[in-house]
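So that we are looking at the same thing, I have put the structure below in structure tokens.
None of the figures in this text is laboratory data; all of them are computed from the coordinates on show. The structure displayed is predicted, hence computed values, not measured ones. So basically every Cβ, Gly included, is an ideal-geometry build from the backbone, and we count neighbours across all protein chains shown.
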Amino acid sequence: MVNTLSGRGQLIRLWLDQERACVVSQQRITAVTGWHVHHIVRRVDGGSNARANLVMVHVVCHQKIHSRGLTVTKPAPN
Ligand SMILES: [Zn+2]
């Protein structure tokens, strides 16, 4: 999953953009909880690997996005 971003710095910036929380459950994402990187616009629909198209979510929350067809949006930057 780390490989979907161009580097560890990008991953950390994505995490900080979200105030370290999952956009689905609003709970903290840590090295212990683990995470998936979700593409807001799917790669097959032309979505990019740019940070604007990515959100970090827990693995179980990622499964919910797809099993329930949830719509996720990126939190507005402060
Ligand atoms: Zn979550």
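Taking R0 as 35 Å, what's the FRET efficiency between R20 and S67 from their Cβ-Cβ distance, rounded to 0.05?
Efficiency, from the Cβ-Cβ distance: 0.90.
Also: Please give the calculated 222 nm ellipticity per residue for the chain, where each DSSP H segment of at least 4 residues contributes -39500 (n - 2.57) and the sum is spread over every residue; nearest 500 deg cm²/dmol?
The per-residue figure over the chain is -7500 deg cm²/dmol.
Okay, moving on. ³J(HN,Hα) across region 52-61 via Karplus (A = 6.51, B = -1.76, C = 1.60, θ = phi - 60°), whole Hz, x for Gly/Pro?
Result, rounded to whole Hz: 5, 9, 10, 9, 9, 9, 5, 4, 5, 5.
Please list, in chain and number order, the residues 5+ apart from H36 or on another chain whose amide H is under 5 Å from its amide H, with Hs placed from the backbone.
It is V57, H58, V59, by chain and number.
So, counting K/R as plus one and D/E as minus one, what does the shell of residues with Cβ under 14 Å around H38 add up to?
That sum, taken over residues with Cβ under 14 Å, equals +4.
Moving on. Which of rounded, prolate or oblate describes the chain when judged by the alpha-carbon gyration tensor and an a/c cut-off of 1.5?
rounded
For the chain, modelled as a GNM with alpha-carbon contacts under 10 angstrom, which of A21, A52, A31 fluctuates the most?
The residue that fluctuates most here is A31.
Let me ask another. Given 0.36 nm per residue, what is the gain on full extension from R42 to R28 after removing their alpha carbon distance, in nm?
Gain in length upon complete extension: 2.6 nm.
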